[in-house]
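The values are calculated or read from the model by the stated rules, or taken from the named source; none is laboratory data. From a predicted model like this one, the values you see are computed outputs, not experimental measurements. Every residue, glycine as well, gets a Cβ built from its backbone with ideal geometry; the counts of neighbours run over all protein chains shown.
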């Protein structure tokens, strides 16, 4: 880190889907015209963004993440490790879905994002925690996590969202899912898919719940009772039309604490693979986000 860092640091993941160096330059040029200095860095390996965010000096007031939801998760992981005030988080959307960008109704134009940064428009981002690890959107177990684990990085970069659709179809037809045991505020639920979410959207601009937002307090638990192909198809259609709560196999409830368990289950966090854990999922810190 330079001794005199710019107040705005832009850190981008060059292997994220849709990465564009030109968009980074457009953001920096607009910020410069508005009288705001910025530095641009590119990450070199997974996890580096966490270290950068954790080690930012006080002179950096805004951290702009150029990447997808996985890159954002790295950044918030570093931010929650910091002592004292957190820098404002801003997002220049790249990536496969960038659910948080949709959740915050962010502009995909670098110039419009620069205008918001310059205006100091910030909202509270309510994070969740699974054990000591934060998430900006959700942590889940069951069928959707199986799909995430089945999609490797190269396949995702080549095919984008189609990679998930293809793997999901194959897994649905293979019928290899396992029961997820959910302990939610003392109640026990058995299902095939369980999502603990702080956000409304899931997989892009698709509403998994209408009862919360990432900028509002609250943790929701959404479960799907079975993963038969017909049920998964109905759930996918209901999700696409914003009517998931009308499906009989779906439960949507507020929770304070959740645990996932079950032999052989997989888990995902903010759209990326994670090691399976029975750690408690709960509400976490609130950090400022440019919105």
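Numerical summary
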| read-out | value |
| --- | --- |
| Filter result (in contact with a helix residue (DSSP H, G or I) (Cβ under 8 Å, 6 or more places away or on another chain) and under 28 Å from residue 105 (Cα atoms)) within region 246-273 | 246, 247, 250, 252, 267, 268, 269, 270, 271, 272, 273 |
| Strands (runs of 3 or more DSSP E) completely within region 198-290 that count 1 or more residues being more than 24 Å from residue 165 (Cβ to Cβ) and within 20 Å of the chain's Cα centre (by Cα) | 219-224, 250-255, 257-261, 281-290 |
| Meets criteria (touching a helix residue (DSSP H, G or I) at 6+ places or on another chain (Cβ under 6 Å) and free of Cβ contacts under 8 Å to residues at least 12 places away in the same chain) for residue 93 | no |
| Residues being touching a helix residue (DSSP H, G or I) at 6+ places or on another chain (Cβ under 8 Å) and either modelled with pLDDT of 95 or more or closer than 14 Å to residue 47 by Cα (or both) - total across region 67-86 | 11 |
| Condition met for residue 47 (in contact with a strand residue (DSSP E or B) (Cβ under 8 Å, 6 or more places away or on another chain), at pLDDT below 95 and either within 16 Å of residue 274 (Cβ to Cβ) or in the same structural domain as residue 209 (by TED's automatic domain parsing) (or both)) | no |
| Yes/no for residue 46 being within 23 Å of residue 204 (Cβ to Cβ), in a loop (DSSP other than H, G, I, E, B) and either free of Cβ contacts under 8 Å to residues at least 60 places away in the same chain or out of contact with any helix residue (DSSP H, G or I) (no Cβ under 8 Å at 6 or more places or on another chain) (or both) | yes |
